[in-house]
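Encoded as structure tokens, the structure appears first; notes follow it.
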Amino acid sequence: MPTILPARFPKVRALGAVPNLKRRVGGRIERQMRDSPEHGAKTSTAQDWQDLAVLARNRLAARTSFVAFPGTTVARSFDPTLSPWVRPLSGTWRFHLAPRPGATPAGFAEPDYDDAAWADMAVPSHWQLHGYGAPQYTNIVYPFPVDPPFVPSENPTGCYRVEVDLDPAWVASGSVVLRFDGVDSAFHAWWNGVPVGYSQGSRMPAEFDVTAAVRPGSNLLAVAVYQWSDGSYLEDQDMWWLSGIFRDVALTWRPPTHLADVVVDALLDPPSGAGALTVHALVAGAEQRAPLEGAAEIAVEIYDASTLVARETAAVAGGRATARLDCAHVTPWSAEDPHLYEVVVALCDESGAVVEATAVRTGFRHVERRDGRIFVNGTAITFRGVNRHDFHPRHGRAVPLEAMLDDVTMMKRHNLNAVRTSHYPSDSRWLDLCDLYGLYVIDEADLECHGFDRLGDASRLSDDPAWRPAYLDRLERMVARDRNHPSIVLWSLGNESGCGSNHVAMAELARTMDSTRLVHYERCPGAEMADVVGSMYTHPDDLAALGRRTDLDKPHLLTEYGHAMGNGPGSLKEYWEVIESSPRLQGGFVWEWIDHGLVFPGGARPGAFAYGGDFGDDPNDATFVIDGLLFPDRVPSPALAELAKVSEPVTIRLLDASTARIALHNRYDFVSLEGLTASWSLLDDGVVVASGHLGRLRAPAGGDETLEIGPLPATDGERVLDVSVRTAAATRWAPAGHEVAWSQHLLAPRSEHTTGASRAPRLSGTSATGEPSGTGVAEAVEVRGPTSSAHFAHGWLASWTNSGVESLVEPPRLELWRAPTENDRGGGRIRGVAAEWAEAGLHHLEHRVDALERRELVDGAVEVTVTTRVAPPVLDWGVRCSYRYVLDTHGRLAIVVTGEPEGAAPATFARIGLAMALVPGLDDVAWYGLGPAETYPDSREAGRLGRYSARIDELETAYVVPQENGNRSAMRWCTLSDGHRGILAVGGPDAETSFGVHRWSVHALAAAMHRDELVDEGRIWLHLDHRQQGLGSQSCGPGVLAPYVLSTGPFRFAVALRHLGSLPLDPGPAARDLGRFLASVLTAPS
């Protein structure tokens, strides 16, 4: 068996295991890692990846992220590609996957090993996404037998090799450091066949001094990466299990004397506005061990853009230097105004010459907990946040910078101000963007052992002292790497790992290393060791009760809420109404930012994304990984617009309709509204008939202002005032004119259902004989008009034509079911309403026709009434249903539906409405109602009343898992056309009719598990719904709140249809006429 384990690797114990290894350096803990018997150096082939005593070998002390430059000017570029001392190693490496550590090719780490038979592998990447093994998704359970710290002997091992050509100057003096930013899950590394290090803890950097192994010219770096390690027990984080070198690798040359660490604390005194900048520098010699020669001082400069604010020097003594710069007045950093200063730190020799320099962006701010609230810069803030995994559909957790930029700009454009790095520290470039664009960050340790919860022992590892070093190691490395980021306001001790003494030790270490931030952890009752009380998926009623409690002295955050799985979540509005009702409730973080859907290998199944089980992975948690506000390709779902609406920085109220006087409230915590402008428009039946600008706003943070538009012009139809608030100038994250808030105010309702009925043809009366012209169930009934005709077969409207052209493929029938959403299905141990609907047979309803009556009405109109019973097989409940059709000589068709449930009907229906299939080709849809995206009863805040148009395929919301989608609420009217002819539909008088249009039936939608399984059925399914059940968030959270539950009971609703022989430029007049006709039908005796 080939030996791959290195000899002479000293153990590295985590802080707390060996007290005399702790040394305080400017509030930071430095861990010494020298090869000594104290560290238990091993010379055997021990299995480091499942040895709790070994967290690392030869790994350098964790430090802040900074780049070394030879001078101060180039350091201010912040561009590592401009440093001659940085050598990126990311790119194409050679790769071989061994089935287990002991099966790696003999001697593969040697420079002369022949890897010609190996494959190329991109670094960074995950090998499962390149055809080696398969991705596996689990939410809670471990995908291997649970026996900590041991992992399977069949432990796939990725073998990597890359050649590195080094200039002789790199080898002549100084030191050379090898850095891995992220490797999953553990690895050994060799340089020119010499073992240089071991590390575990996938989402944190590992650095090794390779000076003794490098040589001029060609060098060989070899790495063995283990899919499983004892660290895997701490990395059970509701995501794909993916392995490999997934973050960047780089080589850095350092001068003989250099900056080993630079810690920048920029503290604000909120009352005075003064800032205190403290820079702690750790100075090291060559190979981290040589005497400190030639270093006299550090020189620190702080810049505000190009302006030098202050300069200070500090002598180096004992390998350390601390410089303090006091600024009488600084611009604070906040998420709303992320003002950054540049701090340049230069290490200088006795002559003042720069030996080495670096630059750090920082922001002055102050974070504290007092009076049961979190204060930033002296102000209690509100977190409008999301949880974000590092994820890309093609690259997994190897996320390109361009995708990160997309994320941060979309968050800002959708009024979000905070992000939780669930459930591990993000790529440090993400934190750079949060600093720059302005997002508050909860930085979370790489820790979750949720699988023990399923075993009934959630705190097994968290309360086991043997695991404490591993817990502390993950916390220490996170704080050490990230503490220079002003965006971070809380350290999180991990996620869903029970509660134990190891968390207490982590909190103590966090506060020892950094006293300028607060500590978060959600799982411990009462949050004994944390500064905030966190909860997950709390019902709004329970959240309100928490807000009313007076015995709690800590603020509350919804660590996770609004589970965005599939169509939903519902009731974000209700959550925020509760949050804003109590000062202690300081916001929350929606779960989560993006669906973790992977593209299928080789580009197979275009349009579809994979989830748990699609790669043959077992066990798996199926679709639970598809739960984001963005689809995998980073297209926003409708839920993101809903979240943006309830998170608006400005609220707008109408004070006086006669003068259109409005009040605006500034919800920002720090900035005024001076960067925003307001405008208005007046809509008449959805058409803008007047508009104007209100100019720049001025309300201070938390303040109000009143604006008066003045008397508005008269209109005839539904009269709506629309007010919009937009950015006045371009920002880093949005162009000028980007809308941040809007509101609509109904000034006068539509009239066709109230005053217009008398203008419609009179429909009351019967045939000349005063008797129904037909009873029973006729085989066929014809109703003919001048251009439009209807044919009833066996009681159903089987044909509806205009000038001989057919419109119907399937008749209108009562529909009580929908393709279940993920929230309808529930999740995990939560039983959803979809199961109740299935047990009640809502998806198998049969329609029996009991009677048909035809009446000849005055003005040439005809009434056909069909009595039916709608019921499922097997069961004895049903709905007595009546369809009343009225057709007039103008081709107008009204359908009035009444229903009365009988027997043991289910407690709720999914929907109450009509479903019909139309002929293909009617692909152009226009409507007046809420839009532009889908809306549902408890998710319609983002719906804006207006006129819209789209192709049918654009109305479909492309959820990764097909489900109910595309509903447009508050439909006044809609048209479907082929560009020449079409159909017009109007809703009932309550303006609550909604519509949906699809190329497939509700059953086909429910049966499909991926988008590419949906097939055009050669017809167009039109749903005209009276009501729909709300969405809720029961996939992981509360079900539908009471106001949005569609309880079973009697119902009555109506719609009206007519053909459009030629398309009018404005369907409004025809819609109003059709609405008046429907009003007459509803008011006439039946």
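The values are calculated or read from the model by the stated rules, or taken from the named source; none is laboratory data. The structure presented is a predicted model; accordingly, all values stated were derived computationally and were not measured. Reconstructed Cβ throughout: ideal geometry from the backbone, glycine too, with neighbour counts over all protein chains shown.
Of note:
- One residue alone among Ala970, Ala991, Ala985, Ala958 is modelled with pLDDT under 95 and among the small types (Gly, Ala, Ser), and that residue is Ala991.
- Condition check for Val309: in contact with a Lys or Arg (Cβ under 8 Å, 6 or more places away or on another chain), of a type outside the set (Phe, Trp, Tyr) and either surrounded by fewer than 20 Cβ atoms within 10 Å (Cβ to Cβ) or outside the structural domain of Trp85 (by TED's automatic domain parsing) (or both): no
- Within the stretch 306-317, being in contact (Cβ under 8 Å) with a residue 12 or more places away in the chain and either under 18 Å from Leu340 (Cβ atoms) or in a strand (DSSP E or B) (or both) holds for Val309, Ala310, Arg311, Glu312, Thr313, Ala314, Ala315.
- Among the candidates Arg369, Arg429, Arg384, the residue that is closer than 25 Å to Val725 by Cβ, not in a loop (DSSP other than H, G, I, E, B) and not β-branched (Val, Ile, Thr) is uniquely Arg384.
- When the stretch 397-409 is filtered for residues that are part of a helix (DSSP H, G or I) and either closer than 28 Å to Ala134 by Cβ or of a type in the set (Gly, Ala, Ser) (or both), the ones remaining, listed by number, are Leu401, Glu402, Ala403, Met404, Asp406, Asp407.
- Within the stretch 133-163, the set of residues being over 25 Å from Ser462 (Cβ atoms) and surrounded by fewer than 18 Cβ atoms within 10 Å (Cβ to Cβ) comprises Ala134, Ser153, Glu154, Glu163.
- If only residues of the stretch 535-562 that are in contact with a Cys (Cβ under 9 Å, 6 or more places away or on another chain) and not hydrophobic (A, V, I, L, M, F, W, C) are counted, the one that is nearest to Asp265 (Cα to Cα) is Glu560.
Residues checked against (1) in contact with a Lys or Arg (Cβ under 8 Å, 6 or more places away or on another chain); (2) surrounded by fewer than 22 Cβ atoms within 10 Å (Cβ to Cβ):
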site	(1), (2)
Asp167	no, yes
Ala172	no, yes
Ser185	no, no
Pro195	yes, yes
Glu207	yes, yes
Ala212	no, yes
Pro216	no, yes
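- With respect to the conditions (1) under 30 Å from Trp253 (Cα atoms); (2) modelled with pLDDT of 95 or more; (3) in a loop (DSSP other than H, G, I, E, B), Arg394 falls short on a single one, namely (1).
- Scan of the stretch 827-839 for residues that are touching a strand residue (DSSP E or B) at 6+ places or on another chain (Cβ under 9 Å) and buried (at least 20 other Cβ atoms within 10 Å of the Cβ), ordered by number: Val833, Trp837
- Hits in the stretch 550-576 (condition: of a type in the set (D, E, K, R) and in contact (Cβ under 8 Å) with a residue 12 or more places away in the chain): Asp553, Lys554, Glu560, Lys573, Glu574
- For Ser949: the one exception among (1) touching a strand residue (DSSP E or B) at 6+ places or on another chain (Cβ under 6 Å); (2) surrounded by fewer than 18 Cβ atoms within 10 Å (Cβ to Cβ); (3) small (Gly, Ala, Ser); (4) not in a strand (DSSP E or B): (4)
- Selection count where residues are farther than 22 Å from Leu814 by Cβ and outside any strand (DSSP E or B), scope the stretch 902-933: 6
- Considering residues of the stretch 599-612 that are touching a strand residue (DSSP E or B) at 6+ places or on another chain (Cβ under 8 Å) and part of a loop (DSSP other than H, G, I, E, B) only, the residue surrounded by the fewest Cβ atoms within 10 Å (Cβ to Cβ): Phe600
- For the stretch 543-578, the candidate set comprises residues that are farther than 30 Å from Val961 by Cα and basic (Lys, Arg); within that set, the residue that is nearest to the chain's Cα centre (by Cα) is Lys554.
- Members of the stretch 873-901 that are part of a strand (DSSP E or B), under 18 Å from Phe792 (Cβ atoms) and charged (D, E, K, R): Arg884, Arg892
- Within the stretch 508-527, residues that are farther than 21 Å from Arg460 by Cβ have Cβ atoms under 7 Å from residues that are of a type in the set (Val, Ile, Thr) and part of a loop (DSSP other than H, G, I, E, B) in these pairs: Leu518/Val532; His520/Val532, counting only partners at least 6 apart in sequence or on another chain.
- The lone criterion from (1) under 24 Å from Ser637 (Cβ atoms); (2) modelled with pLDDT of 95 or more left unmet by Leu585 is number (1).
- Of the residues Leu55, Leu60, Leu97, Leu89, the single one that is within 23 Å of Asp482 (Cα to Cα) and touching a Pro at 6+ places or on another chain (Cβ under 7 Å) is Leu55.
For (1) crowded, with 22+ Cβ neighbours inside 10 Å; (2) charged (D, E, K, R); (3) in contact with a Cys (Cβ under 8 Å, 6 or more places away or on another chain); (4) more than 20 Å from Arg981 (Cβ to Cβ), each residue gets a yes or a no:
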| site | (1), (2), (3), (4) |
| --- | --- |
| Thr898 | no, no, yes, yes |
| Ile912 | yes, no, no, yes |
| Ala917 | no, no, no, no |
| Leu922 | no, no, no, no |
| Ala926 | no, no, yes, no |
| Gly929 | yes, no, yes, yes |
| Pro932 | no, no, no, yes |
| Pro937 | yes, no, no, yes |
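- Of all the listed residues (Ser679, Ser691), the sole one being modelled with pLDDT of 95 or more, surrounded by fewer than 16 Cβ atoms within 10 Å (Cβ to Cβ) and part of a strand (DSSP E or B) is Ser691.
- Qualifying residue in the stretch 979-991 (condition: in contact with a His (Cβ under 7 Å, 6 or more places away or on another chain), farther than 26 Å from Ile626 by Cβ and hydrophobic (A, V, I, L, M, F, W, C)): yes
- Residues (in contact with a Ser or Thr (Cβ under 8 Å, 6 or more places away or on another chain) and assigned to a loop (DSSP other than H, G, I, E, B)) located in the stretch 952-977: Thr957, Tyr959, Val960, Val961, Gln963, Glu964, Asn965, Gly966, Asn967, Ser969, Ala970, Met971
- Matching residues, the stretch 935-974, being charged (D, E, K, R), touching a Gly at 6+ places or on another chain (Cβ under 6 Å) and closer than 17 Å to Gly570 by Cα: Asp938, Arg968
- When the strands (runs of 3 or more DSSP E) confined to the stretch 978-1086 are screened for residues that are in contact with an Asp or Glu (Cβ under 9 Å, 6 or more places away or on another chain), those reaching at least 3 such residues are found at 994-998, 1020-1028, 1051-1060.
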